[in-house]
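Contents: one structure, followed by commentary.
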Amino acid sequence: MIHTEGLTKTFHRKKEVVEAVKGIDVDVREGELVAFLGPNGAGKSTTLRMLTSLLEPTSGRAEVAGFDIRTQPAEVRSRIGYIGQGNGGGFSYRVADELHNQGRFYGLPASEYQRRAADLLAALELDGLGKRTVQSLSGGQRRRLDVALGLMNHPPLLFLDEPTTGLDPHSRANLWEHIGVLRERYGMTIVLTTHYLDEADSMAERVVVIDHGTIVADAPPAALKRDHADDVVTLVVAGTPGSPAQVPDDVTRVRAALAPVVGEVGGGAGEPGRGGSDGPGDRLHATVGAGGDVTVTLSTTHGADRLPEAIESLRVAGLSVRSAGLKQASLDDVFLNLTGRSLREEAA
């Protein structure tokens, strides 16, 4: 559905040259939902604007829905829907009129664009609002109208640029529910940019991470978290009552008890494990608190498996676990490890 080779975009601002996109090679298959993640200025929106033929690339090539974005922009535009970051409806215009005008732009006969407008208003829970002005709608209703405008031509490919920015959590969930239903109905391919990591994690089959105008990772969310971030298991193990001289022995006992779970692990934070078929990348760190308890943190790609195994190994060794916790890897951890920045902080 999308194929790009060496796509670049350079802007000239006075004497400054800004390389917004530095060579994007990406393929999107028919029916996929692909999310582009990256901080502000990473090149996400510029890439989408090139793929939708709104910006001409500086170099490289791209085919969208089977047509070249440089030489066949009209063919590309007739086969896509594009929902930008701003609201698409004119504030003083009526909702139904905006949809009808969109249908006219695509050359649809009156009977067809009226039918499609009515269907989309019903599907997006906007029925009864056709005579209202756009400015009288709530934020969530305006965004759903934007989706309706983007779907008037029944596009096989839909671009969503930050579709839920500014919406409250309920409106965000509601919008995604509608998009999911419409995606199934029309069999659409969807490409989106978002700052909301939960959207990318739960909705996208693939996540493309862009930083400084280049793709730094491209994989399903689960694979990205497995390859570029760790789960963290935290255990608090009861220490031996008595003299502080016992403390080194407690740490040694805890580490020995956990060795079968994580393999032979190093003595400090960040030291890679070297043994065990399942845990060559596991890292264990043990410290003693003021009360004598041993706090263990285990960084691993298998946190959900390691936690019960670790508790059982400590129990068999005669050690008592006071508390246990698991922090699973997130896409923000992935982005932080890949770029040195937190996407949540960038969004804020």
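The numbers here are math on the coordinates, done by the rules we state, and not lab data. What you are looking at is a predicted structure, and each value in this text was computed from that prediction instead of being measured. Here Cβ is always computed from backbone atoms with ideal geometry, including for glycine, and neighbour counts include all displayed protein chains.
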Charge sum, other residues only, whose C-beta stays under 14 Å from Gln141's C-beta, Lys/Arg counted +1 and Asp/Glu -1
+2
Please compute the modelled spin-label separation between His154 and Arg70, points set 7 Å along Cα→Cβ, answer in nm with one decimal.
3.4 nm
Whole-Hz ³J(HN,Hα) for each residue in the stretch 217-230, computed from phi via Karplus 6.51 cos²θ - 1.76 cosθ + 1.60 with θ = phi - 60°, x for glycine and proline: what do you get?
6, 8, 5, x, x, 5, 5, 4, 5, 5, 8, 10, 7, 10
Nearest-0.05 FRET efficiency for His285 and Asp97, computed from C-beta distance (R0 51 Å):
0.20
Rounded to the nearest 500, what is the chain's calculated 222 nm mean residue ellipticity when only DSSP H runs of at least 4 contribute -39500 (n - 2.57) each, over all residues?
-11000 deg cm²/dmol
For the chain, the charge dipole (Cβ of Lys, Arg +1; Cβ of Asp, Glu -1; about the Cα centre) points to a positive end, and the Cα of Leu319, Val296, Ile215 closest to that extreme belongs to Ile215
Which peptide among 311-317, 29-35 comes first, and what is the full order, when sorted by highest mean count of other Cβ atoms within 10 Å?
29-35, 311-317
Please work out the Cα center distance from the stretch 20-88 to the stretch 151-217, rounded to the nearest Å.
14 Å
One would report the antiparallel percent of DSSP beta bridges in the stretch 75-211, rounded to the nearest 5, as 10 percent
What ranking, highest mean first, results for peptides 6-12, 21-27 when packing means the other Cβ atoms within 10 Å averaged over each residue?
21-27, 6-12
Vicinal HN-Hα couplings computed from phi for the stretch 157-166 (Karplus, 6.51 cos²θ - 1.76 cosθ + 1.60; Hz; Gly/Pro x)
9, 10, 9, 10, 9, 6, x, 10, 4, x
Going from the fewest other Cβ atoms within 10 Å to the most, one would list Val208, Val251, Val181 as Val181, Val251, Val208
Most mobile listed residue (Lys44, Lys15, Lys131) in the chain, GNM with C-alpha springs under 10 Å:
Lys15
Count the DSSP beta bridges whose two residues both fall in the chain, then state the antiparallel fraction as a percent rounded to the nearest 5.
70 percent
Sort the following peptides by mean Cβ neighbour count (other Cβ atoms within 10 Å, averaged over residues), highest first: 134-145, 107-118.
134-145, 107-118
Rank Arg104, Arg226, Arg13 by mean-square fluctuation in a GNM of the chain with C-alpha springs under 10 angstrom and give only the top-ranked residue.
Arg13
So, over other residues within a Cβ distance under 10 Å of Ala65, counting Lys, Arg +1 and Asp, Glu -1, the net charge is -1
